[in-house]
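So the structure is just underneath, and the comments pick up after that.
The values are calculated or read from the model by the stated rules, or taken from the named source; none is laboratory data. No experiment lies behind these values; they were computed from the predicted model shown. When we count neighbours, we look across all protein chains shown, and the Cβ atoms used for this are built from the backbone with ideal geometry, even at glycine. Please note that ligands, DNA and RNA were not included when accessible areas were found on the heavy atoms of the full protein model with its side chains. Shrake-Rupley method; radii C 1.70, N 1.55, O 1.52, S 1.80 Å.
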Amino acid sequence: MTAGELAQELSLNILCLPHPEREVTGGFAGDLLSWVMGGAKEGDAWVTIMSNLNVVAVASLCDTACVVLASDTVLDEKDLKTAEEKEINVLNSPLPEFELCVKIGELLK
Amino acid sequence: MNPYYYDLHTHSALSPCGDNAMTPNSLAGMASLAGIQVLALTDHNTAKNCKAFFAACKRYGVVPVGGMELTTAEEIHVVCLFPTLEAALDFDSAVEKRRMKIENKPEIFGDQLIMDDEDNVIGTDPWFLPAATEISLAEAPELVRRHGGICYPAHIERPAGGVIPILGDFPPDVPFASYELHDMSLRAEYEEKFPVLKGLNCVCSSDAHYLEQIRDAEHSLMLDDEPYSSAMLRISLLKRLGNKP
């Protein structure tokens, strides 16, 4: 499943999607920078409510397939611009983290 | 007692997010031009540029304070200040053992440069410095006190590392005598929302990561300065911010 397909299947809002073709191979949920840095893997859909520039840096570091911001969290304009520059896929959804993870888990089965 | 203009939260090129132009000498020189009299270096989870920083401050006639911006286990940022360079370096060793070891990627996060008195790069820190430590917010004040220092939550209003966005409240049961606001104009609003703040010292520092972020001297503290020495002034500063007003 690609990041673009994931967005479509779960009706996610697209905040920044420079690489819709990126393959989603797993998932990770976490809201503390250090834990995500230590745990998220390349190709993961990273579900979080973190909403600052660190999201872009960590997604870039871990090379996640996309960031899915839960509970209607958003990045501000400046951070989204950085996400575009760094070519990071950023999606969001009104669903809380647990529900998003369950749905992503089902799609990845 | 005299008023001293301060900036107690700055970063050098050792913090990955700190610009490489933030050398100890440039930082001290710029702060001196800005009219700052007491300047603390508070890199993320390290004090390894403090030695060079002390030498640079001496050159520019600024009173240096060795410090650190500690990341707690909850990823709350806490400004720690020490009475001597040696105490700051001892605290550095204590924190180093309890840092999360995640490799720094300079191309993403920036370089982590250790410098000597002449701003020469003499080393780098391989681990991503701002990562969480094992030290909890509740443990921090006692650990810092054991090294002779004081600490208080940094930029409490900020989403990244600020205690209020992270915990939803200012912790009433942790013995802080001070707190830092990045934007002093928010003080009345925050005191209204979190009345516990009314009984604490409010510190406003630049959190400069770039030379141009060093602010002109604006905020001052009345400090006991007789008989005058920079060591005495640091002790007065720590007494002032380590005790409720």
Considering residues that are surrounded by fewer than 19 Cβ atoms within 10 Å (Cβ to Cβ) and under 17 Å from B:Gly242 (Cβ atoms), the number found within region B:175-195 is 2
What do you reckon, is B:Pro106 over 22 Å from B:Val196 (Cβ atoms), away from chain A (no Cβ under 12 Å) and open to solvent by 10 Å² or more (accessible area, probe 1.4 Å)?
-> no
Looking at region A:55-66, which of its residues are open to solvent by 20 Å² or more (accessible area, probe 1.4 Å) and either part of a strand (DSSP E or B) or in contact with a Gly (Cβ under 9 Å, 6 or more places away or on another chain) (or both)?
-> A:Asp63
When region A:5-43 is checked residue by residue, the ones that are open to solvent by less than 40 Å² (accessible area, probe 1.4 Å) and part of a loop (DSSP other than H, G, I, E, B) are A:Leu10, A:Leu12, A:Val24, A:Gly30, A:Ala40, A:Gly43
How many residues does region B:139-166 contain that are away from chain A (no Cβ under 14 Å), of a type outside the set (Val, Ile, Thr), part of a loop (DSSP other than H, G, I, E, B) and closer than 28 Å to A:Ala57 by Cα?
-> 1
Of the residues that sit in region B:126-138 and are surrounded by fewer than 21 Cβ atoms within 10 Å (Cβ to Cβ) and more than 30 Å from B:Ile235 (Cα to Cα), which one is nearest to the other protein chains (Cβ to nearest Cβ)?
-> B:Trp127
Confirm whether A:Leu75 is open to solvent by less than 20 Å² (accessible area, probe 1.4 Å), over 19 Å from A:Met1 (Cβ atoms) and touching a residue at least 40 places away in the same chain (Cβ under 8 Å).
-> yes
Cβ pairs under 9 Å, 6+ apart or interchain, first in region A:31-55 and within 13 Å of another protein chain (Cβ to nearest Cβ), second open to solvent by 60 Å² or more (accessible area, probe 1.4 Å) and assigned to a helix (DSSP H, G or I), ordered by first then second residue, are A:Leu53/A:Lys78
Any residue at all in region A:38-58 that is out of contact with any Pro (no Cβ under 7 Å at 6 or more places or on another chain), within 28 Å of B:Lys101 (Cβ to Cβ) and basic (Lys, Arg)?
-> yes
